[in-house]
Structures are given as C-alpha cells and as structure tokens.
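Notes follow once the structure below has been shown.
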C-alpha cells in the first residue's frame with residue numbers, strides 16, 4: 001500500500017527537524033504517483049521520532065492531538081497543518097495566550113479539551 005500524502009508531509013516535517021533536506025516532491029513521481037509505501041514511511045517516521053526523542057514524549061502527543069483535530073476540520077495549508085492558524089487560535093482563544101509549542105504538558109491537557117469543545121466541535125456540528 002502506498003503512503004498517504006499526509007504521511008509524506010509528516011515525514012518531510014520530521015526530516016527537516018533532524019536537519020535533513022527533504023521535500024514533499026521527493027516522494028512523488030513524474031505522474032503524481034507516490035513512490036514510497038506506507039510501511040516504509042512509518043518506519044522512517046519512527047526513526048525520526050526516535051532521533052528527536054519524541055517516541056514517548058507525552059507533551060508532544062498532546063500537541064499532535066491538537067494538530068490532528070485541526071487538520072480534521074480543514075486547518076491545512078499546502079497539505080500540512082496550518083500552524084499559523086493553530087498558533088493564532090492558541091494565542092487569541094487559548095487559556096494561556098501563547099503559541100502551541102510554548103505550552104507545558106499540564107497546560108496542553110486543558111488546551112486539548114478547550115480545542116475539542118471549541119473549534120473542533122463547532123466545525124463537526126456544522127458538517
């Protein structure tokens with residue numbers, strides 16, 4: 001099974017965080033076909049997460065919950081999570097008025113709940 005474009009976007013994002021220069025197009029063929037399997041992408045993602053010490057980081061897992069919900073309701077830009085929009089929401093409406101990555105684990109537990117009952121719920125009810 002071929003990797004999803006979402007998987008590839010996450011893979012590229014992690015690669016950049018570890019200092020590798022990868023582009024989304026590196027995984028897309030000449031006729032817009034995906035050149036990597038889902039299993040290969042997951043293995044590479046796992047390796048990057050390990051290099052970043054994100055394997056079992058509960059704080060990162062909480063951030064990813066918000067990012068995942070945001071993408072589910074369409075907060076995306078160029079096939080990636082729209083981090084500007086997420087950070088703007090966190091700063092304007094979030095309980096702690098600061099960007100997503102500046103929150104502690106305990107703050108994120110509250111922020112996840114706030115996002116679930118705010119824009120996430122509103123958008124799902126609208127659909």
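Coordinate-derived values only; no laboratory data. Just so it is clear, the model here is predicted, and its values are computed rather than measured. We place every Cβ from the backbone using ideal geometry, glycine too, and count neighbours over all the protein chains shown.
What the table shows:
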{"read-out": "Residues residue 125 and residue 79, FRET efficiency given R0 of 22 Å [Cβ-Cβ distance, rounded to 0.05]", "value": "0.30"}
{"read-out": "Mean separation of Cα contacts under 8 Å (6+ apart) over length of the chain, as relative contact order %", "value": "22 percent"}
{"read-out": "Helix-only [θ]222 nm of the chain, DSSP H runs n ≥ 4, -39500 (n - 2.57) each, per residue, nearest 500", "value": "-16500 deg cm²/dmol"}
{"read-out": "Among 66, 36, 86, residue whose mean-square fluctuation peaks in a GNM of the chain (springs only between Cα atoms under 10 Å)", "value": "36"}
{"read-out": "Rounded to 10°, Cα long-axis angle of helix 58-72 versus longest principal axis of the chain", "value": "80 degrees"}
{"read-out": "Virtual spin-label span in nm between residue 106 and residue 61, 7 Å along Cα→Cβ", "value": "1.9 nm"}
{"read-out": "Cα→Cβ-extended label distance, 7 Å offset, between residue 47 and residue 18, nm", "value": "0.6 nm"}
{"read-out": "Among 63, 80, 16: highest mean-square fluctuation, GNM of the chain, C-alpha pairs under 10 Å", "value": "16"}
{"read-out": "Segment 3-56 - percent relative contact order, Cα under 8 Å, separation 6 or more", "value": "44 percent"}
{"read-out": "Which labelled figure in [x] 218; [y] 120; [z] 130 is volume of the Cα convex hull per residue in Å³, once derived from the coordinates", "value": "[y]"}
{"read-out": "Top of 111, 52, 14 by mean-square fluctuation, Gaussian network on the chain, Cα under 10 Å", "value": "52"}
